[in-house]
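The values are calculated or read from the model by the stated rules, or taken from the named source; none is laboratory data. As the structure is a prediction and not an experimental result, all values here were calculated from the model. Here the Cβ positions follow ideal geometry from the backbone for every residue, glycine too, while neighbour counts run over all protein chains shown. Ligands, DNA and RNA are stripped out before the accessible areas are found, and what is left, the full protein with its side chains, is counted by its heavy atoms. Shrake-Rupley method; radii C 1.70, N 1.55, O 1.52, S 1.80 Å.
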Amino acid sequence: MRSDLIKEGPSRAPHRSLLRALGIDELEMKRPFIAVVNSKSDYIPGHMHLDKIAEQVKAGIRNAGGVPFEFNTIGVCDGIAMNHKGMKYSLCSRELIADSIEVMLTAHPLDAIVFIPNCDKIVPGMLLAACRLNLPCIFISGGPMLPGKSTETTNRIGLSEQFEYVGANAVGKMSDENLESCAFTACPTCGSCSGMYTANSMNCLTETIGMSLPGSGTIPAVMSERLRLAKQAGERVMDLLKEDIKPSDIITEKAIENAMRTDMAIGCSTNTMLHLPAIAKEAGVKLNLDIANEISKKTPNLCHLAPAGHTYMEDLNEAGGVYAVMNELTKVGLLDTDLI
């Protein structure tokens, strides 16, 4: 085990003393040590509930015979960072997240990893770290927010509509009172914002690539099904460790191409073209960006999720989620199904 670097032999007696100070007993000392990398914070709606996800992940790891060790990363909420200089710090946070995880898991050599991301730059930042470390790992996101309701109409709304209402208010088409009323209802639950924005796009593509279990990209944050999936992710990472399946086995050129085809089908955020090339580079995959246009020409756009339409992540989940879309693409031979 990789963690034997800090557990085995006379020269590691000081290390064992520090581990025992954490409460690690002799049975646990012989088991695999599993990192739980959690982006939980108190000021990002997509992350406020990730402590509950982490509890289930750790339960799953223990169920399957591992010892979980949790640590947290930074994260930026692009919505809160919007329209002021904070947005200049969003993309660079991706690199800080990847670097900090590399630091933590090189300084503390554990055996496998469960990543718990949710919002815009956190998902790709963790994927970069996964490629860089190349340890058995799995992702379980916090899941999408439910859509809200407009106080002016019967329509469901999300964050993008709330930004549009700011424009309507500025030109006198919406009153200050109605603008603020919708601000109470547009984002009604925890989770990544309810449309196919960057966070949900990257969570869906993580699932497409094969780095998370089915449902990780679409099951709403508030559903108990997500807690069960988190426990299953904790259990599954122990299988990946036993089978020695690493990101380099999963994130291949064909897997990236599958992700790009699914991207076109579900109408992902254009920010995926910032992140997929970076992930491919860390994975050692050569990616010619011109392929995006070729894939787009041949791939039908099957979903019109907000902000492109009036359906939301909960609707995609009810229709079968990412795997339902992939199934449609497979029917016409657009996906490579011979991948892990």
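Points worth noting:
- Here the Karplus relation 6.51 cos²θ - 1.76 cosθ + 1.60, evaluated at θ = phi - 60°, turns the backbone of segment 63-74 into coupling constants of 3, 9, x, x, 10, x, 10, 9, 9, 10, 10, 6 Hz, with x for every Gly and Pro.
- Here the sum of -39500 (n - 2.57) over DSSP H runs of 4 or more residues, divided by the residues of the chain, equals -14500 deg cm²/dmol at 222 nm, to the nearest 500.
- Karplus-based coupling profile of segment 246-262, in residue order and whole Hz: 10, x, 5, 7, 9, 8, 10, 4, 5, 5, 5, 5, 4, 4, 5, 5, 5, with θ = phi - 60° in 6.51 cos²θ - 1.76 cosθ + 1.60 and x standing for Gly or Pro.
- Averaging Cα coordinates gives a centre for segment 1-41 and one for segment 170-233; these two points are 35 Å apart.
- Taken over segment 241-340, the alpha-carbon convex hull comes to 119 cubic angstrom per residue.
- Percent of Cα pairs exceeding the 38 Å cut-off, where the set is the chain: 17
- In this structure the amide hydrogen of residue 157, modeled in the peptide plane, comes within under 5 Å of the amide hydrogens of 148, 149, 150, none closer than 5 places in sequence on its chain.
- Distance violations [Cα-Cα > 22 Å] among 254/286; 40/281; 30/58; 30/242: 40/281
- With at most 16 neighbouring Cβ atoms within 10 Å, loop chymotrypsin sites (Phe, Trp or Tyr not before Pro) (DSSP) excluded, longest segment of the chain: 185-340
- Nonpolar atom fraction for the chain, defined as the carbon and sulfur part of the 1.4 Å probe accessible area, stands at 55 percent.
- Here, segment 161-200 yields an orientationally averaged convex hull projection of 3.1 nm² when only Cα atoms define the hull.
- Table column - 3J(HN,Hα) (Hz), segment 286-293, Karplus curve with 6.51, -1.76, 1.60, x for Gly and Pro: 7, 10, 8, 4, 4, 5, 4, 5
- The Cβ shell under 14 Å around residue 270 holds other residues with a net charge of -3, Lys and Arg each +1, Asp and Glu each -1.
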